[in-house]
């Protein structure tokens, strides 16, 4: 068992595995993917999100390009529904709807969704790895609504607190591994986790299997 997992189960220990950005301002301020490679951490993350989604009914999970694919596909499997990728523009070989959005770095990008993706009235749960400014999520909302889908909710490892994301929380069911009111939420809002001070990449390594 990973040493970090020996803390209180309700403290969501796996958030300690997230790595700080070491590449500069053009990249997100942290990297949660080390959670995914650790089986115990990924399982506990999905357990927590699935529990928090118990009152949310959806027909499909839509994952946002690119790391939202990982979380979204895993959640779709857990929830027993299909998975829909919402991609950066120019990646799909079928007819698509396209919208423009501003990402966390302030750059204007385009994202697309297959056309048609679902029947009108389909309940779509949007999943992304991290919601910082909410611009990418806004693009996904517009794509779903353009095809008369219904936003069932939003799921992420963390949703930072700002004007746009606060509006999301008031409008849709929003769940995240980082719970509002926790010290994790305070640190995410400040974009500096205390766990960065003692970050150890080896703590994330998956266990090897030998015959």
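The values are calculated or read from the model by the stated rules, or taken from the named source; none is laboratory data. The shown structure was predicted, so the numbers you read here are calculated from the model rather than taken from an experiment. No Cβ is skipped: glycine too gets one built from the backbone with ideal geometry, and neighbour counts run over all protein chains shown.
How many residues are assigned to a loop (DSSP other than H, G, I, E, B) and loosely packed, with under 12 Cβ neighbours inside 10 Å if we restrict to the stretch 24-46?
Pass one, the stretch 24-46, residues assigned to a loop (DSSP other than H, G, I, E, B): 24-29, 32, 38.
The next check asks that each one be loosely packed, with under 12 Cβ neighbours inside 10 Å; those that pass are 24-26.
Residues flagged as assigned to a loop (DSSP other than H, G, I, E, B) and loosely packed, with under 12 Cβ neighbours inside 10 Å within the stretch 24-46 amount to 3.
Filter the stretch 47-63 down to the residues that are within 29 Å of residue 116 (Cα to Cα) and either crowded, with 18+ Cβ neighbours inside 10 Å or over 15 Å from the mean Cα position of the chain (by Cα) (or both) and list them by number.
49, 53, 54, 55, 56, 57, 58, 59, 60, 61, 62, 63
Quick check on residue 61: is it part of a strand (DSSP E or B), touching a strand residue (DSSP E or B) at 6+ places or on another chain (Cβ under 6 Å) and either within 26 Å of residue 152 (Cβ to Cβ) or modelled with pLDDT of 95 or more (or both)?
Yes.
For the stretch 64-74, name all the residues that are surrounded by fewer than 24 Cβ atoms within 10 Å (Cβ to Cβ) and assigned to a helix (DSSP H, G or I).
Passing the criteria: 69, 70, 73, 74.
Among (1) modelled with pLDDT of 95 or more; (2) under 20 Å from residue 36 (Cα atoms); (3) assigned to a helix (DSSP H, G or I), where does residue 175 come up short?
(3)
Looking at 41, 51 in this structure, which one is without any contact (Cβ under 8 Å) to a residue 40 or more places away in the chain and over 19 Å from residue 160 (Cα atoms)?
51
Within the stretch 90-99, is even one residue under 24 Å from residue 34 (Cβ atoms) and part of a strand (DSSP E or B)?
So far as the stretch 90-99 goes, no, none of its residues is under 24 Å from residue 34 (Cβ atoms) and part of a strand (DSSP E or B).
For the stretch 105-146, how many residues are in contact with a helix residue (DSSP H, G or I) (Cβ under 7 Å, 6 or more places away or on another chain) and assigned to a loop (DSSP other than H, G, I, E, B)?
The total comes to 4.
Please find, within the stretch 1-23, the residue that is modelled with the lowest pLDDT out of those that are loosely packed, with under 14 Cβ neighbours inside 10 Å and part of a loop (DSSP other than H, G, I, E, B).
So the residue we want is 1.
If you take the residues of the stretch 188-203 that are in a helix (DSSP H, G or I) and either over 19 Å from the mean Cα position of the chain (by Cα) or farther than 22 Å from residue 34 by Cβ (or both), which of them is modelled with the lowest pLDDT?
Ranking the candidates gives 203 first.
Which members of the stretch 147-157 meet the condition of being outside any loop (DSSP other than H, G, I, E, B) and touching a residue at least 60 places away in the same chain (Cβ under 8 Å)?
Matches in the stretch 147-157: 152, 153, 155, 156.
Yes/no matrix, rows are residues, columns are (1) at pLDDT 95 or above; (2) surrounded by fewer than 17 Cβ atoms within 10 Å (Cβ to Cβ); (3) farther than 23 Å from residue 48 by Cβ:
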position	(1), (2), (3)
104	no, yes, yes
117	yes, no, yes
127	yes, no, no
145	yes, yes, yes
159	yes, no, no
167	yes, yes, yes
170	yes, yes, no
186	yes, yes, no
